[in-house]
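Participant: Here it is: the structure, laid out below.
The values are calculated or read from the model by the stated rules, or taken from the named source; none is laboratory data. Source: prediction; values computed, not measured. Using ideal geometry, Cβ is built from the backbone for each residue, glycine included, and neighbour counts are taken over all protein chains shown. Please note that ligands, DNA and RNA were not included when accessible areas were found on the heavy atoms of the full protein model with its side chains. Shrake-Rupley method; radii C 1.70, N 1.55, O 1.52, S 1.80 Å.
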Amino acid sequence: NQIRWLNSNGGLAWATTRCAKSASILYSWAERSEYAAPFVVDADARSNAVVTIDLDERVQASQILSILRAAGYRKLGRNQLRVGVFPSVEPADVMAFTKCVDYVVEHL
């Protein structure tokens, strides 16, 4: 079913473009953020499958992660967010996720 779904949407080219779009949303958000930054500094070495974002030490990561965990997000062992941007993830959902994180941080 998954392969049929991928092929019906345009195959590998579509899947890689979709992942790159979602990754770009997260990396751009982190680069504009006052409290987040891409974990991998070299843009050419960044993943388009799993995006890792470091959080500034000024931000209480434990509070953010606690709220995100209550919404179903898994915890990592460091002060960062790791987000899968696989083909099945809607880019609009990635954008909504960044807005959720901003909202949580603003209301801490």
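Participant: Compute the acute angle (0 to 90°) between the alpha-carbon long axis of helix 61-70 and the principal axis of greatest extent of the alpha-carbon atoms of the chain; round to the nearest 10°.
Facilitator: Around 50 degrees separate the two axes.
Participant: Given contacts defined as C-alpha pairs under 8 Å and at least six residues apart, what's the relative contact order of the range 54-107, whole-number percent?
Facilitator: Numbers: 23 pairs, mean separation 21.6, N = 54.
The value is 40 percent.
Participant: For the range 16-96, state which GluC sites (Glu not before Pro) are in a DSSP loop and have at most 16 other beta carbons lying within 10 Å of their beta carbon.
Facilitator: Sites meeting the loop and neighbour criteria: 34, 57.
Participant: Also, quick follow-up: If you count only protein heavy atoms with a 1.4 Å probe, what accessible area per residue comes out for the range 63-108, rounded to a whole Å²?
Facilitator: I get 62 Å² per residue for this part.
Participant: Relative contact order for the range 12-82: what is it in percent, counting Cα pairs under 8 Å that are at least 6 residues apart?
Facilitator: Details: 69 pairs, mean separation 19.6, N = 71.
Relative contact order here is 28 percent.
Participant: If you don't mind, there's one more thing I want to ask. What is the Cα coordinate range of the chain on the first, second and third principal axes, sorted by size from largest, in whole angstrom?
Facilitator: Here the spans come out as 44, 31, 22 Å, largest first.
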